[in-house]
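Each remark here refers to the structure printed beneath this line.
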Amino acid sequence: MITVKNITKVYKSHIRQNNLFKDMFFRQFKEQTAVKNVSFSIGPNELVGFIGPNGAGKTTTLKMLAGILYPSSGSLSVLNQNPFEKKRGFLKQIAFIMGQRNQLIWDLPALDTFDLQRAIYEIDELKYKKTRSHLLAILQCESLMNKPVKTLSLGERMKMEFIAGLLHTPKLVFLDEPTIGLDIFSQEAIREFIKEYQETYKSTVILTSHYLEDVKKLAKRLIIIHKGTIMYDGSLKNIIEQYSTEKRIKIKLNETVSEAKIKTIGNPLMYIYPQLIFSVKRSELPEKIKQISQSLPFSDLTVEDASIEEVIKTFFSENKKK
Amino acid sequence: MKHSFNIFLLFAKNSMRTTTQGRLGVVVFTIGKIIRFAFLFTLLSFIFSKTRVLKGYSIQQAALFYMIFNLIDTISQILFREVYRFRSLVVNGSLDTILLKPYHPFLRILVGGVDILDVILLVPYIAITIIIASGIVPIGHNIFLFFVLLINAIWIATSFHILVLALGILTTEVDHTILIYRDLTSLGRFPMAIYQEPIRTIFTFIIPIGIMTSFPSQALLGMLSWDKFLISFILSSILFIVAMTTWNFALKQYQSWGG
């Protein structure tokens with residue numbers, strides 16, 4: 001579906017010399033490599049999380065894959081085509097939804113944008129109505145499509161944005177920070193929607209997000225990019241196993257226990273009765289559970305991995321050392 | 001082609017619906033159009049009352065040049081209104097979403113803002129042009145040539161606006177470029193003959209303002225030679241090729257700002 005070989009994107013920007021004459025007639029430029037020799041491939045029906053800090057090159061890569069940006073070097077094939085040629089057949093099979101962009105007609109109800117999309121993508125009337133109803137039902141927002149877009153909240157607008165972008169049921173969906181700026185309820189609704197959409201329509205989805213929760217809940221495969229270079233390409237499970245060196249033991253106590261007694265097991269990460277949390281090394285886990293079972297009165301005990309944020313933090317700090 | 005035309009009509013419909021959303025806007029807009037037309041009418045009456053001959057042209061002929069200039073200018077403004085809003089699309093990155101749609105981006109960024117209400121403004125212009133022309137224009141093949149050159153003029157205007165769009169991508173500057181274009185075209189309000197050389201040649205053949213605004217009037221009056229008629233198509237074709245090459249170059253340089 002997607003094959004990328006050694007793509008590089010260099011941006012050229014003007015350096016201010018604090019001299020109007022020089023700035024006008026002897027302009028100097030600096031080159032900034034946003035993406036450097038990146039290679040990967042993505043198969044059909046995959047949901048890939050693309051993460052990295054600000055300015056890492058995530059969005060630039062996605063924009064080259066979609067055909068918005070022209071790569072400075074390297075080759076890429078998306079749906080067996082060169083995306084930059086922007087052939088109609090290719091554009092009809094993709095969607096690019098950006099959390100910070102709005103394609104809805106601001107003054108009119110979202111329904112007008114939906115109708116426009118139907119004409120643009122030449123969607124059969126019956127299929128259009130069926131897909132529209134289905135997408136509206138998943139997001140539970142049937143009542144919103146007749147309200148002028150300018151009267152909708154950010155979360156509501158994003159839901160409409162998703163429907164407008166996916167009415168043509170594309171084979172390949174690029175999602176660039178789709179949950180940015182949304183409250184936790186809207187974020188959750190969008191995540192559920194993406195999951196259900198991908199399962200129903202069997203699309204390939206590439207997702208970038210700063211909210212690692214998005215990636216954790218949706219993607220099985222993770223690509224980590226930093227300073228324009230791919231640092232990890234593999235399963236989410238592997239990276240958690242590799243970089244989550246500690247585990248969390250969460251305990252719900254039956255009765256209060258003295259701090260001295262708790263410290264015989266180890267220093268707790270948190271203790272507010274009845275919640276008690278220990279962070280322990282993976283290798284020490286069986287021993288610690290045994291100790292807890294023997295000395296503490298509890299009604300519930302769970303073992304969890306470190307949060308995805310911590311895993312990624314560890315990943316970056318360990319790679320920095322290398 | 002049918003697909004593109006359908007989308008063009010939908011954009012026009014949505015543009016009109018957007019305009020009519022605010023009733024105050026419609027009222028102010030309509031008053032503005034009436035005032036603009038009144039000014040034009042007053043100016044014409046003033047010129048008629050003060051002058052009889054303008055650089056070899058009778059005053060009726062000069063008035064015809066003026067009206068045909070207005071006609072071409074108004075048609076281009078109706079067609080290419082969206083170009084005036086292009087900068088914000090580039091600066092906030094919304095151009096990205098347009099470039100990814102399965103239609104030619106010009107459908108949206110060049111002719112995507114046609115307001116059908118504007119077309120009403122053309123009716124009085126056409127009426128006055130016919131009244132002025134009726135006494136001085138000979139009936140013959142010159143009328144056919146006029147319409148061919150009118151289409152050529154719109155083609156030239158299209159190329160100029162494509163260049164403005166390309167420069168918009170390369171420099172994120174549209175407002176000044178469009179003002180320069182409007183200032184240049186305003187030179188065509190009156191026959192090119194009133195300007196001295198080399199201005200006349202430069203603005204006829206190098207920057208084909210004269211071909212765009214004066215040649216249709218000259219053809220209508222039976223004053224345009226066949227060689228100039230043919231040259232006008234060669235120059236408009238060259239301008240179109242330059243505009244499209246610049247546009248394609250600009251797309252390759254596009255940096256997709258704001259994201």
*Within the range B:53-63, can one find any residue that is loosely packed, with under 14 Cβ neighbours inside 10 Å, free of Cβ contacts under 8 Å to residues at least 24 places away in the same chain and among the basic types (Lys, Arg)?*
no
*Can you tell me which residues in the range B:137-153 are within 30 Å of B:Leu95 (Cα to Cα) and surrounded by fewer than 17 Cβ atoms within 10 Å (Cβ to Cβ)?*
B:Ile151
_So the check is Cβ under 8 Å with 6+ separation or different chains; which pairs have a first residue in the range B:1-27 that's within 9 Å of chain A (Cβ to nearest Cβ) and more than 13 Å from A:Ile105 (Cβ to Cβ) and a second one that's of a type in the set (Ser, Thr, Tyr) and surrounded by 12 or more Cβ atoms within 10 Å (Cβ to Cβ)?_
B:His3/B:Tyr103; B:Ile7/B:Tyr103
*So which of B:Arg23, B:Arg85 ends up being farther than 22 Å from B:Leu150 by Cβ, modelled with pLDDT of 85 or more and exposed (fewer than 15 other Cβ atoms within 10 Å of the Cβ)?*
B:Arg85
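Just the residues that are charged (D, E, K, R) and more than 21 Å from A:Val35 (Cα to Cα), please, taken from the range A:203-225.
Taking the range A:203-225 and keeping what is charged (D, E, K, R), we get A:213-214, A:216-217, A:220-221.
Correct list: A:Glu213, A:Asp214, A:Lys216, A:Lys217, A:Lys220.
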*Residue list for the range A:194-239, restricted to those being surrounded by fewer than 18 Cβ atoms within 10 Å (Cβ to Cβ) and of a type in the set (Ser, Thr, Tyr)*: A:Thr200, A:Tyr201, A:Thr229, A:Ser235
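Being surrounded by fewer than 19 Cβ atoms within 10 Å (Cβ to Cβ) and either free of Cβ contacts under 8 Å to residues at least 40 places away in the same chain or not hydroxyl-bearing (Ser, Thr, Tyr) (or both), is that true of even one residue in the range B:68-77?
Residues of the range B:68-77 surrounded by fewer than 19 Cβ atoms within 10 Å (Cβ to Cβ): B:74-75, B:77.
Filter again for either free of Cβ contacts under 8 Å to residues at least 40 places away in the same chain or not hydroxyl-bearing (Ser, Thr, Tyr) (or both), leaving B:75, B:77.
Scanning the range B:68-77, I find at least one residue that is surrounded by fewer than 19 Cβ atoms within 10 Å (Cβ to Cβ) and either free of Cβ contacts under 8 Å to residues at least 40 places away in the same chain or not hydroxyl-bearing (Ser, Thr, Tyr) (or both), so the answer is yes.
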_Residue within the range B:193-210 that is at pLDDT 85 or above, more than 14 Å from chain A (Cβ to nearest Cβ), part of a helix (DSSP H, G or I) and closer than 20 Å to B:Thr158 by Cβ present_ = no
_Which numbered condition B:Leu43 misses (of (1) outside any helix (DSSP H, G or I); (2) under 26 Å from B:Gln218 (Cβ atoms))_ = (1)
*asked:* I'd like the full set of residues that are away from chain A (no Cβ under 14 Å) and modelled with pLDDT under 90, limited to the range B:88-125.
replied: B:Val114, B:Ile116, B:Leu117, B:Asp118, B:Val119, B:Ile120, B:Leu121, B:Leu122, B:Val123, B:Pro124, B:Tyr125
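Residues that are over 25 Å from A:Gly99 (Cα atoms): list the helices (runs of 4 or more DSSP H) wholly contained in the range B:62-157 that include at least 3 such residues. Write out each step before concluding.
Values: elements: B:86-91, B:95-99, B:106-109, B:116-136.
In the range B:62-157, B:116-136 are the helices (runs of 4 or more DSSP H) which contain 3 or more residues that are over 25 Å from A:Gly99 (Cα atoms).
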*asked:* Of the conditions (1) part of a helix (DSSP H, G or I); (2) in contact (Cβ under 8 Å) with a residue 12 or more places away in the chain; (3) more than 14 Å from chain A (Cβ to nearest Cβ), B:Arg182 satisfies every one except a single condition; which number is it?
replied: (2)
_Of everything in the range A:120-146, what is surrounded by 16 or more Cβ atoms within 10 Å (Cβ to Cβ), more than 9 Å from chain B (Cβ to nearest Cβ) and either of a type in the set (Ser, Thr, Tyr) or touching a strand residue (DSSP E or B) at 6+ places or on another chain (Cβ under 9 Å) (or both)? Give them in sequence order._
A:Tyr128, A:Thr131, A:Leu144, A:Met145
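From A:Gln93, A:Gln117, A:Gln100, grab the single residue that is at the interface with chain B (Cβ under 7 Å from one of its Cβ atoms), out of contact with any Ser or Thr (no Cβ under 7 Å at 6 or more places or on another chain) and within 20 Å of A:Pro178 (Cβ to Cβ). Even if it seems obvious, please write down each step before you answer.
Details: A:Gln93 fails: at the interface with chain B (Cβ under 7 Å from one of its Cβ atoms); A:Gln117 fails: at the interface with chain B (Cβ under 7 Å from one of its Cβ atoms).
When all the criteria are applied, what remains is A:Gln100.
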*asked:* Can you list the helices (runs of 4 or more DSSP H) lying wholly within the range A:129-235 that have 2 or more residues being among the hydroxyl-bearing types (Ser, Thr, Tyr)?
replied: A:184-201
*Looking at (1) of a type outside the set (Gly, Ala, Ser); (2) modelled with pLDDT under 90; (3) in contact with a helix residue (DSSP H, G or I) (Cβ under 8 Å, 6 or more places away or on another chain), find the lone condition where A:Val257 falls short.*
(3)
*Could you list, in sequence order, the residues of the range B:221-259 that are within 14 Å of chain A (Cβ to nearest Cβ), surrounded by 16 or more Cβ atoms within 10 Å (Cβ to Cβ) and part of a helix (DSSP H, G or I)?*
B:Trp247, B:Ala250, B:Leu251
*Please enumerate the residues belonging to the range A:57-96 that are touching a Gly at 6+ places or on another chain (Cβ under 7 Å) and either of a type in the set (Gly, Ala, Ser) or closer than 14 Å to B:Thr97 by Cβ (or both).*
A:Gly57, A:Thr59, A:Lys86, A:Ala95
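The values are calculated or read from the model by the stated rules, or taken from the named source; none is laboratory data. What you see is a predicted model; the values in this text were computed from it and never measured. For neighbour counting, all protein chains shown are included, and Cβ atoms are generated from backbone atoms with ideal geometry for every residue, glycine included.
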